[in-house]
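First the structure, which I've put down as structure tokens, then a few questions once you've had a look.
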Amino acid sequence: MINASEIRERARLARRLSSPCGLCPRRCRADRPAGEKGYCGAGPQPSVAAVLPHFGEEPPLSGNGGAGTIFFTRCNLRCVYCQNHQISQGRAGSAMPPESLARAMLELNAKGCANVEPVSPTHHLPGFLEALSTAVEQGLNVPVVYNTNGYETLDALELLDGIVDVYLPDLKYASDDAALRYSHVGDYVQTARAAILEMYSQVGNLVVDLQGRAMRGLIIRHLVLPEGISGSRETLFWIRDNFPTTVTVSLMAQYSPLNRAAEFPPLDRRLLAEEYEAAMDLSWDIGLENVFVQDLSSQETGIPDFERAGPFEWDGEQTQRQELDKADITTEKLPA
Ligand code: SF4
């Protein structure tokens with residue numbers, strides 16, 4: 001990773017990009033440092049709903065100590081089925097100045113987390129980078145995993161080059177009509193695909209250490225939605241045609257009708273086993289070599305409640321486990 005003073009310089013550039021705001025492809029032009037709010041509703045300082053070791057991520061991200069997740073509030077999409085809607089569209093969470101955020105990162109590191117994983121951080125990018133520069137200065141020594149909905153600008157990604165070790169983007173749709181109807185965004189497909197190509201050019205294939213923890217690389221997440229709404233077939237072919245077949249894909253089964261999904265049939269029902277299996281089989285049939293798959297029980301256990309003290313705990317159990325199907329990750333392994 002680049003050093004703390006260079007990260008601080010990127011934070012300064014990100015602050016400039018937020019006034020008027022063009023941090024994300026919405027380009028609302030709100031004067032964020034002055035307190036104006038754009039589509040995402042984020043304020044001038046970071047706001048966070050939960051900081052915790054998360055054991056339900058893909059195995060190389062969870063490691064033995066959990067992924068060091070930091071759930072930022074608000075979002076630049078309004079997915080009608082969002083499973084984190086309490087924080088992305090609701091009121092959960094509170095302001096966390098960069099100094100506190102830096103302390104939180106160092107605490108996750110000290111607890112043995114495999115990484116720090118900001119979840120939906122881009123609309124809080126200046127404060128996140130300021131916090132990261134302080135944490136790095138004070139000894140943060142785990143990879144940064146950037147968990148994003150994929151709707152990113154190349155400008156923001158350029159600021160992250162050399163800082164982010166592992167990109168974890170969603171690729172939600174293959175049709176802008178679907179993206180508009182279900183996530184209120186009209187140019188998702190081309191924008192997210194361009195962003196993911198840029199991410200890959202920065203970090204390449206997934207690389208794990210001898211303990212199997214992700215050190216660098218890209219994992220593309222795709223949530224399979226009922227009746228083909230997410231365009232799984234076209235998405236998987238696009239991935240196959242634009243990346244080496246060794247690229248890592250996480251095919252998610254955990255869809256559950258939350259938030260306003262009841263108003264948008266067929267999103268008002270759970271994903272069927274045969275719908276998920278069709279996507280899974282296709283990924284293998286077309287030659288993708290590294291595909292994480294999820295058990296359908298994740299529809300019950302993978303849903304956080306951010307109004308509880310432990311959003312990912314149910315009767316003492318952790319959230320869903322994902323398993324790497326097929327062989328092991330066929331990427332380079334680094335020494336521990
Ligand atoms: S980050 Fe928020 S305010 Fe900035 S352009 Fe995106 S939606 Fe608008």
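When you have a sec, figure out the Kirkwood radius of the chain from all distinct Cα pair distances and drop it here in Å to one decimal?
Result for the chain stands at 19.8 Å.
Before anything else, pin down the relative contact order of the stretch 185-253: Cα pairs under 8 Å, at least 6 apart, normalised by residue count, whole percent. Could you put the intermediate results ahead of the total?
Details: 58 pairs, mean separation 20.7, N = 69.
That works out to 30 percent.
Oh, and also: Restricting to DSSP loop positions (anything but H, G, I, E, B) with no more than 14 other Cβ atoms inside 10 Å of their own Cβ, which trypsin sites (Lys or Arg not before Pro) remain in the stretch 47-147? Don't skip to the end; give the middle numbers.
On the way: sites: Arg74, Arg78, Arg91, Arg103, Lys111; in loops: Arg74, Arg78, Arg91, Lys111.
Loop-located and lightly packed - Arg91, Lys111.
In addition: Just subtract the alpha-carbon distance of Gln190 and Asp241 from 0.36 nm times their residue separation and send over the number in nm, one decimal.
On the way: separation 51, 0.36 × 51 = 18.36 nm, distance 1.50 nm.
Gain on extension, Gln190 to Asp241, equals 16.9 nm.
Of all DSSP beta bridges in the chain, what percent run antiparallel (nearest 5)?
40
Hey, another quick one. Within the stretch 153-192, find all residues whose amide N lies under 20 Å from a label point positioned 7 Å from the Cα of Arg269 along Cα-to-beta-carbon.
182
Also: Would you look at the GNM of the chain, springs on alpha carbons closer than 10 Å, and say which of Leu272, Leu210, Leu168 moves the most?
Taking springs between Cα atoms under 10 Å, the residue moving most is Leu210.
Same structure, new question: Please give the contour-minus-distance gain from Arg91 to Asp161: 0.36 nm per residue of separation, less the Cα-Cα distance, rounded to one decimal in nm.
22.0 nm
Report Rg (one decimal) and Dmax (nearest whole number) for the stretch 45-118, counting Cα atoms only, units Å.
12.9, 37
Over the chain, what is the relative contact order in whole percent, taking alpha-carbon pairs under 8 Å and six or more residues apart? Mind showing how you got there, number by number?
Numbers: 748 pairs, mean separation 58.4, N = 336.
RCO, the chain: 17 percent.
Going by a 4.7 Å Cβ-Cβ cut-off, which cysteines of the chain have no partner at all?
Cys21, Cys24, Cys28, Cys40, Cys75, Cys113 - these cysteines have no disulfide-compatible partner (Cβ-Cβ under 4.7 Å) in the chain.
In Å, what is the Rg of the alpha-carbon atoms in the stretch 83-161, and how long is Dmax?
Taking only Cα atoms of the stretch 83-161, I get Rg and Dmax of 13.0, 35 Å.
Let me ask something else. Over the stretch 4-334, with the other protein chains present, what is the accessible area per residue in square angstrom, probe 1.4 angstrom? Could you put the intermediate results ahead of the total?
On the way: 12870 Å² over 331 residues.
In whole numbers, the stretch 4-334 has 39 Å² accessible per residue.
Would you mind putting 83-89, 5-11 in packing order, based on average other-beta-carbon counts within 10 Å, highest first?
Top of the packing list down: 83-89, 5-11.
I would also like to ask the following. Out of Ala42, Ala95, Ala273, any idea which swings most in a Gaussian network model of the chain, alpha carbons joined below 10 Å?
Between Ala42, Ala95, Ala273, it is Ala273 that shows the largest mean-square fluctuation.
Give, as ranges by residue number, the residues of the stretch 200-233 whose backbone N falls under 18 Å from the point 7 Å along Cα→Cβ of Arg181.
223-233
Ignoring ligands, DNA and RNA, what percent of the 1.4 Å accessible area of the stretch 4-334 is carbon and sulfur? Please report the intermediate quantities before stating the final value.
Working: 6030 of 12870 Å².
Exposed carbon and sulfur together represent 47 percent of the surface.
Tell me, rounded to the nearest percent, the portion of alpha carbon pairs in the stretch 151-245 spaced more than 14 Å apart. Let's see the in-between values first.
Values: 2986 of 4465 pairs.
Distances greater than 14 Å cover 67 percent of the Cα pairs.
Tell me the mean residue ellipticity at 222 nm calculated for the chain from its helices only (DSSP H runs of n ≥ 4, each -39500 (n - 2.57), averaged over every residue, nearest 500). Don't jump to the answer; show the numbers that get you there.
Working: 11 runs with 107 residues, N = 336.
Calculated mean residue ellipticity at 222 nm is -9500 deg cm²/dmol.
The values are calculated or read from the model by the stated rules, or taken from the named source; none is laboratory data. Quick caveat, the model's predicted, so the values are computed rather than measured. Cβ atoms come from the backbone with ideal geometry, glycine included; neighbour counts cover every protein chain shown. Remember, those area values only see protein heavy atoms, side chains included, never the ligands or the DNA or RNA. Shrake-Rupley method; radii C 1.70, N 1.55, O 1.52, S 1.80 Å.
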